[in-house]
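Take a look at the structure set out below.
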Amino acid sequence: MRQHFVQYLIHHKHYPKSLIKLEGGLKLHGMAKRTDIVVFNSSGEKILLVECKAPSVAITQATFDQAARYNMVHKVQLLAVSNGLQHYYCGIDFKNETYKFIEELPSYREL
């Protein structure tokens, strides 16, 4: 599933392959966790966090909560959650502590 989403990012949304990191580690409340995909911009800043689930796993509020918890560490303004069948995208406004679901993932050039 991860590799399919990476191919989508590269071939359809034009994210540079060299700026995509798979299975990065992080510490959350003292525990080791793993993010599926983190995308950086050319300045090395994180711009997209992707949480991937198996096609048999429904995308629920708990799935978004997991991505949001990881994002407390990463502080990325764009989140994506996918099970290969369903894809959800969300923009995060840390200043106003709000989020907004968006219909389509922006291309790399749009960020």
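Pairing residues of the range 45-61 that are in contact (Cβ under 8 Å) with a residue 24 or more places away in the chain and within 17 Å of L105 (Cα to Cα) with residues that are among the aliphatic types (A, V, I, L, M) and part of a helix (DSSP H, G or I), at Cβ distances under 6 Å and at least 6 apart in sequence or on separate chains, gives E51/A67.
Can L85 be described as closer than 17 Å to I20 by Cβ and among the aliphatic types (A, V, I, L, M)?
So L85 does not fit the description; no.
Of the candidates A58, A54, A80, the single residue that is among the small types (G, A, S) and either at pLDDT below 90 or in contact with a His (Cβ under 8 Å, 6 or more places away or on another chain) (or both) is A80. Considering the range 6-49, and only residues there that are among the β-branched types (V, I, T) and under 21 Å from C90 (Cβ atoms), the residue that is modelled with the lowest pLDDT turns out to be T35.
Counting only residues that are of a type in the set (F, W, Y) and within 16 Å of V6 (Cβ to Cβ), how many does the range 39-64 have?
Count: 1.
The values are calculated or read from the model by the stated rules, or taken from the named source; none is laboratory data. None of these values were measured; they are calculated from a predicted model. Neighbour counts run over all protein chains shown; Cβ positions are idealised from the backbone, glycine included.
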